[in-house]
Amino acid sequence: MNTHIYLYGPESETIDLREIREYLLEKFPFQIKIRDNIFSSSPEHTEFLAKELAKCRVRDICKKISDFEPLYGEIEFEKRVLTGKSRVLGVLYDGLDLSALIRKIIPTEELHVSNLHLVFTDRLIATLQDRYHARIVILGIPVVISITGMIEAPAKPKEYYIAKQKLAPFGIPPETIKDQFKGRFIDYEDERLTEIAKGYVMQGIVYHFTHEAFCENKDCRLYNAHWQEDMIHAQTSDPEFCERHKKIIEKIATGRYEGN
Ligand SMILES: [Zn+2]
């Protein structure tokens, strides 16, 4: 079966999709295609999409509220984002709702078992447990990967929060504190975002074939990091994968993967 991977770009140019494509081509003999942002690819549906996206917003951090009509201002905001006039920062979306919406947008004939749809977004996504928690990746069909999630979901070093708390009453801007912790967490427009993104793409691909989410090994790119420092370590250390996942990935690449 010939596997096709579709990589959909985020709303703004936060990562280098061509570099990610090259990385994947070194690992797999798959067809890999780069596509535009999934939401802005059909301008004739802006009205519909704006309303549907506004419906995906998290209304209450503690519970899911489904039965509501989005506000006029929220729909207008989504229209501005869809047409590139606004950025998406500051809004939290239900990751599963967003994933379900994307399934509606992908043409039915492309929702084939040998196709993988990996959708990047600048939108911050969350899933509900005891309350909503920000996520980097939603595994499923499609795989949704949030660039903002890489920055906002894993916690920064504890010392950073302590320093921020101590200095805030004196009006010292957060940027000054960020400088002191440079390298220990990923920030907006960070040059490491593309490198980090590769690991989450691999999580999506491995999940597609194995239905196993994440790895327990902190050195493996499939590790589900809750701290920025752990994420940076997992995504930039060598070797890339634990022994077990290295073998699984080789089997996937050579068409020999038949379960564990
Ligand atoms: Zn692993």
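The values are calculated or read from the model by the stated rules, or taken from the named source; none is laboratory data. Computed from a prediction, not measured in an experiment: that's the story for all the values here. Quick reminder, even Gly has a Cβ in these numbers, built from the backbone with ideal geometry, and neighbours come from all protein chains shown. The area values use the complete protein model at the heavy-atom level, side chains included, leaving out ligands, DNA and RNA. Shrake-Rupley method; radii C 1.70, N 1.55, O 1.52, S 1.80 Å.
Solvent exposure of the stretch 193-258, expressed per residue, is 48 Å² of accessible area, with all protein chains present and a 1.4 angstrom probe. Basic side chains Lys and Arg get +1 at the Cβ, acidic Asp and Glu get -1 at the Cβ, and with that the dipole of the stretch 50-108 about its Cα centre reaches some 180 debye. Between Asn224 and Lys64, the modelled labels are 1.7 nm apart [label points 7 Å from Cα along Cα→Cβ].
Taking the accessible area of the stretch 1-124, probe 1.4 Å, and keeping the other protein chains in place, the carbon and sulfur fraction comes to 51%. What is the percent carbon and sulfur in the accessible area of the stretch 141-238, measuring with a 1.4 Å probe over the protein chains and ignoring ligands? About 52 percent, which is the carbon plus sulfur part of the accessible surface. Separation of the alpha carbons by more than 19 angstrom is noted, of Lys27/Lys247; Lys164/Lys198; Lys51/Lys104, for Lys164/Lys198. Length gained on full extension, Glu76 to Ala100: 6.5 nm, using 0.36 nm per residue less the C-alpha separation. By the Cβ rule of 4.7 Å, the chain holds the following cysteines without a possible disulfide partner: Cys56, Cys62. Magnitude of the charge dipole for the chain, about its Cα centre and with charges confined to Cβ atoms of Lys, Arg (+1) and Asp, Glu (-1), is about 360 debye. Over all other residues within a Cβ to Cβ distance under 12 Å of Phe39, the charged ones net out to -1, with Lys and Arg as +1 and Asp and Glu as -1.
Among 197-209, 165-177, 149-161, sorting by the average number of other beta carbon atoms lying within 10 angstrom of each residue, highest first, gives 197-209, 149-161, 165-177.
Each Lys and Arg adds +1 at its Cβ and each Asp and Glu adds -1 at its Cβ; summed about the Cα centre, the stretch 132-192 shows a dipole of about 300 debye. Counting charges near Ala163 (Lys, Arg +1; Asp, Glu -1) among other residues having Cβ under 12 Å from its Cβ returns a value of +4. Sites listed here are GluC sites (Glu not before Pro) in the stretch 200-260 whose DSSP assignment is loop and whose Cβ has at most 10 other Cβ atoms within 10 Å: Glu216, Glu258.
In a DSSP loop and with at most 15 other Cβ atoms within 10 Å, the chymotrypsin sites (Phe, Trp or Tyr not before Pro) in the stretch 58-103 are Phe68. Of the options Ile186, Gln228, Ala50, report the single residue whose Cα projects farthest towards the positive end of the charge dipole of the chain (beta-carbon charges: Lys, Arg +1; Asp, Glu -1). Checked the options; the winner is Gln228. Average accessible surface for the stretch 65-189: 52 Å² per residue, computed with a 1.4 Å probe over protein heavy atoms with every protein chain in place. The stretch 103-133 and the stretch 13-32 have Cα centres spaced 19 Å apart.
Farthest towards the positive end of the charge dipole of the stretch 33-131, among the residues Gly90, Ile102, Ser66, is the Cα of Gly90, using unit charges on the Cβ of Lys, Arg, Asp and Glu.
Since only Leu128, His117, Ile205 are under comparison, the one whose Cα sits farthest along the positive direction of the charge dipole of the chain, derived from C-beta charges on Lys, Arg, Asp and Glu, is Leu128. With no solvent and one point per C-alpha, what does the Debye sum give as log10 I(q)/I(0) for the chain at q = 0.10, 0.11 Å⁻¹? The computed values of log10 I(q)/I(0) come out as -0.53, -0.64. Pairs of Cα atoms nearer than 8 Å and 6+ residues apart set the relative contact order; for the chain it is 18 percent. Computed over the alpha-carbon pairs of the stretch 13-99, the distance histogram in 10 Å steps reads 14, 38, 27, 17, 4 percent, short to long.
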